[in-house]
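No lab work stands behind these numbers, since they all come straight from the coordinates. None of the values given here were measured: they were computed from a predicted structure. Here the Cβ positions follow ideal geometry from the backbone for every residue, glycine too, while neighbour counts run over all protein chains shown.
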């Protein structure tokens, strides 16, 4: 079987599996104009399920479902659901370190170049979306996470995530984990953009961020390597 | 402004001359009124600016729930009751299983009173005070009237508009007899729909249980305790004799009565001595739970059960995300989305126009999200505060529900 055929079979398997899951899933049934699209538009249902998977730490699945709601990656148009799918796809790609099928390729044949391309797309997309909604704490948090993945953007990420945390509007444990890593980085290795920092302060801030992450995720966020001293992620 | 100013001077002049538009009560009626709940009804001049009132009624979107406002109907995704009714009748465009499920869930905003020809029956002063401080008026109908953010003058203008086409009713020829009215009240089974809190009346029937099982007439029947503040005295007997003549389409049925019987019933409703109702107190705030509380439970039991009907986001909505997101009922949009974990954490637009966390502590340390829930409990017992209670207009959350939210926040808001 050729590589292309394997890819097609794999994707078909995912479609059947996820389609079956979608059929049997139950939903809450509160009646209001605000929720009717969840019951009348399949794309809305896909997105809600994708967001649920993202929260449960399954960014690859989340991206796959969001992609179904989004349609072709280069699709455009004034469509609220597509915009939401795009946002979700971008943050899922970020959290999956680029291991998602954004383009017309198989699910499992990622290369470093493709991962990098995916992450660049995610950062570019979140930058665009966040610029249109500066008050949207979700988008700003997602953008902060994406910036934190790229060393040359750490200063901006640090500033953005710190501001959201100070206002208690950092919306996810992943955002706090990224912030903790940036604080720890600042404490451990002050670089040009952290010349005025004080290691002790950043250590304390990193600890606070880890604690917030732990509380929000009801789990231990800190990676084993960082336990015992506020290390970077 | 100048026009309003002229009305103020005119009103003051009329009051000074003892020429109020409504005759001051006297005799037994006056003493009965003083024993009733009138102390909570603000005494406002009954002169308002109709044109200003129309603009305010439009701005505060009375037609989002009520019929008979004189304004063009809103589309179904903006009309709370219309949307619910279309679901209940099956006219709403949705899959049959979804409709069946929603029908079971719709408790609130199935029926609200029409405002058509409200002035034929209701006193403008009462309407004005009710707009600013709504209270439980219809014991069998779940409360849904929001506390509007209007000044006394604005409320008076709105009342003037809502009563603009009030037909004049000639005062009854003679006063009725309270005791004969009391007997008629029982004989005509008025108490099968109406409560009459504090009155010594036979045949009062309490309707307990699911309000969805009750007839519209029962749901919309007001507690007659409030009649002496609500209803124009000169219209009461005529209303009892033939409600449809004053307000066609009213759920109040026409009961076979002679004119004298109608006067007697009116006398009983308007003048029967009323015992003070038991003092209401807000439920006690419960201590934090010791067990872990996660977002899923908070969302299922509180946020998605109640809050997100008004605080959602437009992506998944037919409409605009609700009045708590995009504005409505005269309130500006707060951009508060309570439909997902991330959105709750994203905050809201505060009074100063800045985005702020819903978890930020208020003066006594209570998180804002909890403070508004407690404020609604206080509103229900007649203690409104600067903080507008939430859910707006709807029954307050239970102490257990608030305890759940408070515990979740105190524990760090686990996802």
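Structure notes:
- FRET efficiency for residue A:135 and residue B:213, using Cβ-Cβ distance with R0 set to 35 Å, rounded to 0.05: 0.20
- Chain B, relative contact order in percent, only Cα pairs under 8 angstrom and at least six apart counted: 16
- Helical mean residue ellipticity (222 nm; -39500 (n - 2.57) per DSSP H run of 4+; nearest 500) of chain B: -10500 deg cm²/dmol
- Tensor-based shape of region B:273-332 (alpha-carbon gyration tensor, a/c under 1.5 rounded, otherwise prolate or oblate): oblate
- Cβ-derived FRET efficiency at R0 35 Å, residue B:279 paired with residue B:72, nearest 0.05: 0.20
- Contour minus Cα-Cα distance for residue B:205 and residue B:152 (0.36 nm per residue): 15.4 nm
- Largest GNM mean-square fluctuation across B:343, B:143, B:396, computed for chain B with C-alpha springs under 10 Å, falls on B:343.
- For the residues of A:46-55, the average number of beta carbons from a partner chain within 10 Å of their own beta carbon is 2.
- Cα long-axis angle, helix B:259-271 against chain B (0 to 90 degrees, to the nearest 10): 50
- Using the Cβ-Cβ distance between residue A:41 and residue B:260 with R0 = 56 Å, the FRET efficiency computed as 1/(1 + (r/R0)^6) comes to roughly 0.35.
- Label-to-label distance, nm, for residues given as residue B:351 and residue A:219 (7 Å Cα→Cβ offset): 4.1
- Gyration tensor (alpha-carbon) shape descriptor, region B:177-252, a/c threshold 1.5: oblate
- Cα gyration tensor shape for region B:207-337, rounded if a/c is under 1.5, else prolate or oblate: prolate
- Here region A:151-186 and region B:254-281 have alpha carbon centers that stand 66 Å from each other.
- Each of residue B:104 and residue B:51 was given a label point 7 Å from its Cα along the Cα-to-Cβ line. The distance between the two points is 5.4 nm.
- Taking all Cα-Cα distances within region B:69-192, those exceeding 22 Å account for 58%.
- Between 0 and 90°, nearest 10: helix B:80-89 axis offset from chain B longest Cα axis: 90
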